[in-house]
Amino acid sequence: MINILNIGKNLSQTQRLIIDSVSSFCKTTLKPRVINDYRHEVADRNIFRQMGEMGIFGPTINGYGCLGESYTTYGLIAKEIEYVDSGYRSMFSVQSSLVMNPIYKYGSDLVKSKYLPRLASGEYIGCFGLTEPDHGSDPSSMRTKAEPDGSDYILNGNKTWISNSPLADVFVVWAKCEGSIRGFILDRSMDGITTPKIDGKLSLRTSVTGMINLDSVRVPKTHLLEVVGMKGPFSCLNNARLGISFGVLGAAEFCFNTALNYSRDRTLFGQQLSEKQLLQMKLANMSTEWNLAYLSCLHVASRIDNNDYSPDMISMINRNSCDKSLMIARTCRDILGGNGISEEYEIFRHLCNLETVNTYEGTYDIHSLILGSSLTGHKSF
């Protein structure tokens, strides 16, 4: 109903089949449980298995049980999942973009064959350790260290606000090593890893968040990723940011559809709410912003598919999609009045989630600085 421009009409037959399959999975498997999962902060390991059975993890990866599809398809999958809940999309995007992607791009053949098939099937759950207690938007100042010791590295440090960490079997951890930032693949069998859950979240409650504490963890040198510097984690983040850019539009679309249907059923001063000019203006504004954001996402995804893009393009659509989706959710909450905060109508859950999604993988201000630097040629930070 929000898609006035009929965007997506030119998707390939394969993409349509994939999206229809994911949409059906979301409606039959995720939708019936989302209110209870959010209310009780349930992050169910079985959801990873079910997504794995769908074959959607790491959709841009060739082989290892993955689809080998385009980045456009990856974004469309994220959008379908986040139509139900941002936490479920976070499960999907962390596993795909922040764990499987760096292993595939920078890992040894040994590491790829050991972990990728099990991550693709959902047997293994992965997480991405970059953010630290004192270093969020400034990850290059991290304190986690890796020191060589014979055929191994010894890792010490702490990571926080790590999606999936309490459930994780595989950890992509970034640390300072011999003067550079390097990435390492750890797994739950290694001694010295603890992953306490962060309690009390008021957002993204269908996914679990925690810490990664590393106490002299011995990691084989074969588990070192072949990338040096911040290029490694930033390439992962850009991949995830594309999924976020699409995903939040799914949440916004749900809010819009709910508000539109509500306005048709609600009578106010003897008229349907949808007959009110002020309400129609709000719907027109939201639809316009959503359609323009969606077009932008498809354009950038197409550029990525053709390897003709720059990171600032991703920052632009991430910043815009999150900002406009949050605005849409807030407006829709207002349209529903008191019912807007009821879990029955689900808008407020999406609104709370979007407040967080607008922060992680780069805040609005960080993306503004990235764009400002690109426009002026001057470093912003």
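Observations
- Convex hull volume of the Cα atoms of segment 126-228, normalised per residue: 96 Å³.
- Considering only S21, S263, S121, the residue lying farthest towards the positive end of the dipole of the chain is S263, judged by Cα position with unit charges set on Cβ.
- Isolated cysteines in the chain, defined as those with no second cysteine Cβ under 4.7 Å, comprise C26, C66, C127, C177, C236, C297, C322, C352.
- Projecting the Cα atoms of S373, T356, H299 onto the charge dipole of segment 270-381, computed from C-beta unit charges around the Cα centre, puts S373 farthest toward the positive end.
- The alpha-carbon positions of segment 13-121 define a convex hull whose volume is 87 Å³ per residue.
- Integer Hz, Karplus 6.51/-1.76/1.60 couplings in order for segment 176-181, x for Gly and Pro: 7, 9, 6, x, 10, 7
- For the chain, the mean residue ellipticity at 222 nm estimated from helices alone is -15500 deg cm²/dmol, where every DSSP H run of n ≥ 4 contributes -39500 (n - 2.57) and the total is divided by all residues, rounded to the nearest 500.
- As a length-normalised measure over Cα pairs under 8 Å and 6 or more apart, the relative contact order of the chain settles at 18 percent.
- Gap separating the Cα centres of segment 267-290 and segment 34-89, nearest whole Å: 33 Å
- Nearest-ten-degree value, helix 277-305 long axis tilted from longest Cα axis of the chain: 30 degrees
- Simple Cβ-charge dipole of the chain, Lys/Arg +1 and Asp/Glu -1, about Cα centre, in debye nearest 20: 360 debye
- Angle in degrees between helix 13-25 and the longest Cα principal axis of the chain, rounded to the nearest 10: 80 degrees
- Long-range HN-HN contacts of V227 with modeled amide H, under 5 Å: G183
- Rg/Rg_ref, the chain, where Rg_ref = 2.2 N^0.38 Å and atoms are Cα: 0.99
- Amide H contacts of Y153: V219, K221, each under 5 Å away and 5 or more positions distant or on a separate chain (H built 1.01 Å from N in the peptide plane; Pro and chain starts excluded).
Each value in this text was obtained by applying a stated rule to the coordinates, not by laboratory testing. Worth saying up front: this structure is predicted, and the values here are computed from it rather than measured. Cβ atoms come from the backbone with ideal geometry, glycine included; neighbour counts cover every protein chain shown.
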